[in-house]
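Encoded as structure tokens, the structure appears first; notes follow it.
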Amino acid sequence: MQRAAILKEINKFPEIEDFPDEEPEDNEVLIEQNETGICYRDILTMKGFFPRVTLPIVPGHEISGKVVKIGKNVTKFKVGDRVSSLIYVPCGKCEYCLSGRENLCRNKRTFGESLNGAYKKYIRVPEISLVKVPDGVGEEEAVIAACVTGMLIQAMRVNGGLSEGQWVLVTGAGGGVGSHAVQISKAYGAKVIAETSSPWKKELLEKLGADYVIEKENMERKVKEITGDGVHLALESVGRPTFNEAFRSLRFGGSVVVVGNVDVTPVNLPLGNLILKGNKVIGSISSTKRDMEEALRLSKEGKIKAIVGKKFDLNNVKEAYEALDRKEIFGRAFLKL
Ligand SMILES: [Zn+2]
Ligand SMILES: [Zn+2]
């Protein structure tokens, strides 16, 4: 028996209960985890934002650990390997999966939503979701390789064309996503303007390498003062509250990549600007295994470090959710298993 957090009803905190031990099925491995990430998405799941969630369910999708058992037909992994998992299981057969864009797979099943997730010590994961973790990568860096750093590589590098010497604007830079986006910009040699609505995070962001830290008010004017023509890339981790200013902060040919949507109200897109300046508005979802491998490589080189805000015991999952909901944590929250 192990202990697991189980979400039974929408709008109620997960409960801690016994959970039966499991054996890996065909093509699966059993992973022993020491910790997992607590993601804002988990709180949205509890609040009923994702209608396809099947209850009861073990929440959590940030999976990394050591392989302790392998099922039949597993070919790429053996007992003792360190692994990290995608947050989902792709089908492996559709046009997206076959072209290395498994993040767009329409048939994917997501941990913590349609598959029991990471809020327990042992988890079964199909090998199609796994990558090996190289030696020298820290545990927290391996845990966030799919949902945070790999997701940002998909957004900024693959979709946004992030490269050396560019100007990058990161909105919501004090959050779990934004703070790592600052590091990834620096890892690829870009110059970063970090926007945060929490002035107390300014110094922390400068320590992470932000070249400038600004508040939301008059964002476009401030960005233009710093850069002259605007940024090449804006990483929009907030959504509607900052979108328009981020969009207007782009230079000619610049792109805004949207990964956050804190409120569901649509935005107004000034099509005149979009056309005249040749700007791009790009949505980006999750990560591929290739993105995860790149994130792990940058972690191994010391260019990305997990920003560990706070670690909670599994028993205190309620307290963790409340702290996240109040935005009290700089960086990421983790759950010890
Ligand atoms: Zn996540
Ligand atoms: Zn697929």
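A Förster distance of 41 Å, applied to the separation of the beta-carbon atoms of GLU217 and ASN107, puts the FRET efficiency at 0.40.
Our compactness index for the stretch 161-283, the C-alpha radius of gyration over the empirical 2.2 N^0.38 Å, is 0.95. Between ASP135 and SER114, the simple label model (points 7 Å from Cα in the Cβ direction) yields a spacing of 4.0 nm. Distance from the C-alpha centroid of the stretch 245-276 to that of the stretch 84-103: 28 Å, rounded to the whole angstrom. The relative contact order of the stretch 161-283, computed from alpha carbon pairs under 8 Å that lie at least 6 residues apart in sequence, is 22 percent.
How would you rank 139-149, 66-76, 123-133, highest first, on the average number of other Cβ atoms within 10 Å across their residues? Please report the intermediate quantities before stating the final value.
On the way: 139-149: 26.0, 66-76: 14.6, 123-133: 22.0.
Peptide ranking by packing, descending: 139-149, 123-133, 66-76.
For the peptides 298-311, 316-329, residues were scored by their other Cβ atoms within 10 Å and the scores averaged per peptide; the highest-first order is 298-311, 316-329.
Using 0.36 nm per residue, how much length does the chain from ASN11 to VAL262 gain when fully extended, once their Cα-Cα distance is taken away?
88.6 nm
In degrees, nearest 10, range 0 to 90: what is the angle between the Cα axis of helix 289-300 and the longest Cα principal axis of the chain? Long axis of 289-300 versus the principal axis of the chain: about 80 degrees.
What area, in nm² and to one decimal, does the C-alpha convex hull of the stretch 9-98 cast on average over all directions? Write out the running numbers ahead of the final one.
Working: hull surface 29.7 nm².
Across all orientations, the stretch 9-98 yields a mean hull projection of 7.4 nm².
Counted over all Cα-Cα pairs of the chain, pairs farther apart than 29 Å make up 37 percent. Scattering from the stretch 185-248 was approximated by placing one identical point on each alpha carbon and applying the Debye formula without solvent; log10 I(q)/I(0) at 0.12, 0.28 1/Å stands at -0.28, -1.46.
Rounded, prolate or oblate for the stretch 264-337? Axes are the square roots of the Cα gyration tensor eigenvalues, ordered a ≥ b ≥ c, and the cut-off for rounded is a/c under 1.5. Oblate is the answer for the stretch 264-337, as a/c is 1.5 or above yet b/c matches or exceeds a/b.
D by Stokes-Einstein for the stretch 48-154, Kirkwood Rh over Cα pairs, 20 °C, 1.002 mPa s: 147 µm²/s.
Listed by chain and number, the lysines whose alpha-carbon sits under 21 Å from that of LYS191, ignoring those within fewer than 8 places in the same chain, are LYS201, LYS202, LYS207, LYS216, LYS222, LYS224, LYS280, LYS303, LYS305. Candidate cross-link partners of LYS47 among the lysines, defined by an alpha-carbon separation under 25 Å and a same-chain spacing of 8 or more, comprise LYS8, LYS12, LYS108, LYS120, LYS121, LYS310, LYS311, LYS318, LYS327, LYS336.
Taken together, the values in this text are just the output of simple stated rules run on the coordinates, not laboratory data. These numbers were taken from a predicted model, which means no experiment stands behind them. Positions of Cβ are backbone-derived with ideal geometry, glycine not excepted, and every protein chain shown enters the neighbour counts.
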